[in-house]
Amino acid sequence: KQKGRKTYCFFELEMDAQIQSQRALELDLRMAVEQQQLELYYQPQVNTLNHQIACFEALLRWHHSERGPVAPAEFIPVAEDTGLIIPIGSWVLRRACQDARKWPENVCVSVNVSPVQFRTESLLADVKSALSTSGLTPQRLELEITEAILLHDTLNTLTTLTQISQMGVQISMDDFGTGYASLSYIQKFKFDKVKIDRSFVSDLVCSKDNQAMVHALCRLCISLGIGTVAEGVENLRQLRLLEQEGCTNMQGYYFARPMPADQAAIAIEKQTHYIRFDNS
Ligand code: C2E
Ligand code: MG
Ligand code: MG
Ligand code: MG
């Protein structure tokens, strides 16, 4: 009994510590937003046929003055719990459109939209204002949403997706196959692209199961006229397999890691860097 009580105490202390560190992170994040310490990095998505940069995905970076870099996986959930994701998400949209405006016309930018942000009234207005203030053509903006968005309130979700789509903005489904994957989702709404989750790609060369999944997904998307983006491409063997499957776009460390906006502009000028013929 005594041991049980001790264990209970231990859990309670640990939970306290966890709550406190979450709270500290929340306060720091508020400050970071106010003091504009957040930054966007960009990772290219290359066209499989010509290996040219088709798009850059905007990825949040936070360099904390004491903690150092804090990963999105750590601070995005805090931002979602506290509602901070709304001002952050609206800033990301504006910043990404402004940066993309400086790139050539054929290069798009894709922005991750949190389910919390998606459910707010302000999303449509935020997208419109980001486009009009930057002067970016709607067709060059892409929103990445996850399956989680489609779980609740399907009717409202479909209405919002349709409104965004009617503006000319592209919609892609991020991390496909990780969540509550139901194939009917990509049929309910006509997504422009489906992103094949990194978990299928990382093991692609060795796992027959993952090869089967990628094969089926690529076939399905080709039949439905939906583009595919493979996430987390790290080597040439993965690239070759994805090419064979007719995957339309690829993203991953093999091509480039996420980089600051000024480097993204340089990367577009030096496109030849993205064509690799080595056998690594
Ligand atoms: P995501 O949207 O699936 O983004 C892809 C993640 O995979 C990024 O991690 C990227 O750096 C990483 N990655 C890309 N290529 C490779 C590779 O070849 N190997 C490996 N191991 N990783 C690779 P990151 O930047 O840490 O972002 C993590 C997640 O945080 C994102 O996943 C996204 O869900 C979320 N996130 C990032 N920025 C934003 C944002 O502006 N708004 C929202 N709502 N979420 C964001
Ligand atoms: Mg994404
Ligand atoms: Mg993803
Ligand atoms: Mg992912």
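Every number here is computed from the coordinates shown, using simple stated rules; none is lab data. What you are looking at is a predicted structure, and each value in this text was computed from that prediction instead of being measured. Note: ideal-geometry Cβ built from the backbone for every residue, glycine included; neighbour counts use all protein chains shown.
Below are the figures for this structure:
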| read-out | value |
| --- | --- |
| Loop GluC sites (Glu not before Pro), the range 59-143, which have at most 14 other Cβ atoms in a 10 Å radius of their Cβ (DSSP) | Glu66, Glu105, Glu121 |
| Length-normalised contact order of the chain in % [C-alpha pairs under 8 Å, at least 6 apart] | 18 |
| Distance between modelled label sites at Leu124 and Gln20, nm, 7 Å Cα→Cβ extension | 4.6 |
| Chymotrypsin sites (Phe, Trp or Tyr not before Pro) within the range 226-267: DSSP coil, no more than 15 neighbouring Cβ in 10 Å | Tyr253 |
| Whole-Hz ³J(HN,Hα) from phi, Karplus 6.51 cos²θ - 1.76 cosθ + 1.60, for the range 37-43, glycine and proline x | 8, 7, 9, 10, 10, 10, 10 |
| Relative contact order %, the range 85-223, counting alpha carbon pairs below 8 Å whose residues are six or more apart | 19 |
| Only Lys, Arg (+1) and Asp, Glu (-1) charged, at Cβ; the chain dipole about Cα centre in debye | 260 |
| Separation in nanometres of the label points that stand 7 Å from Cα toward Cβ, at Ile222 and Gln37 | 4.9 |
| Between the range 150-187 and the range 193-270, the Cα center-to-center distance that results, in Å | 20 |
| For the chain, built as a Gaussian network whose Cα springs stay under 10 Å, the top-fluctuating residue of Asp197, Asp153, Asp99 | Asp153 |
| Nonlocal Lys pairs with alpha-carbon distance under 30 Å, the chain (8 or more apart, or different chains) | 15 |
